[in-house]
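Participant: Just dropping this structure here.
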Amino acid sequence: MSRIGKLPIPVPKDVKVTIQPDRVFVEGKAGKLTQLYEPQYVSVEMKDGTIVVTRKGDEKEFKARHGLYRSLIANMIRGVQQPYTKVLQLVGLGYRAKLEGKELVLEIGFHDPVRYKLPENVKAEVKDQTEITLTSPDKQLVGEVAAEIRALRKPEPYKGTGIRYKDEQIRRKAGKLAAGAGAKGAAGGA
């Protein structure tokens, strides 16, 4: 049995769950989410205030989907209670962001500002023009949006400029001058 898949998912009182033959609907104070699942591999049932995901076979495909759908449903239940957040930082001279309605306007070193339209289920907040906080009840969607925004100007390893996650560590590289200075000093001393 899958260690993750066999765990029942507790459903809090303020979360409403509806299970249909091929999808699960979850509704809470932070929003509504829907997840499709494959009924030929797993079954999803509500028992005593918990959701139980059971697989219908022991082949590799069944085992893989067992843990997957249990995790996706658990993430939905957590997300509609407490939305997921991702924080991005803009690092660079003149790099800044502002919010215009549902559009994020980024000045990230290009000739024209980059406009990024946010999906309907994602909210953004810009703090100090250099920090963007994305929130959504959908864990996968908030991660995808953060990755798309980061990809507009990936962190550069020499100066460290670009868009990065707040907790991300950028591996810095020494430039040509630093490498050349060490070689020059060694040659000059000989």
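Participant: Pairwise over distinct Cα atoms, reciprocal of the mean inverse distance: report the Kirkwood radius of region 84-165 in Å, one decimal place.
Facilitator: For region 84-165, inverting the mean 1/r across all distinct Cα pairs yields 12.6 Å.
Participant: Enumerate the whole-percent occupancy of each 10 Å bin, from 0 to the last occupied one, for all C-alpha pair distances of region 9-81.
Facilitator: 21, 54, 21, 3
Participant: Moving to a separate point now. As I understand it, the dipole of region 9-81 uses +1 on the Cβ of Lys and Arg and -1 on the Cβ of Asp and Glu, about the Cα centre. Which of Ser71, Gly57, Val15 lies farthest toward its positive end?
Facilitator: It is Val15.
Participant: Another one. Kirkwood hydrodynamic radius, the chain, all distinct C-alpha pairs: what's the number in Å?
Facilitator: Answer for the chain: a Kirkwood hydrodynamic radius of 19.8 Å.
Values quoted throughout were computed directly from the atomic coordinates according to the rules given, and no laboratory measurement underlies them. A quick note: this is a predicted structure, and the numbers were derived from the prediction, not measured. In this analysis, Cβ positions are derived from the backbone assuming ideal geometry, glycine residues included, and neighbour counts consider all displayed protein chains.
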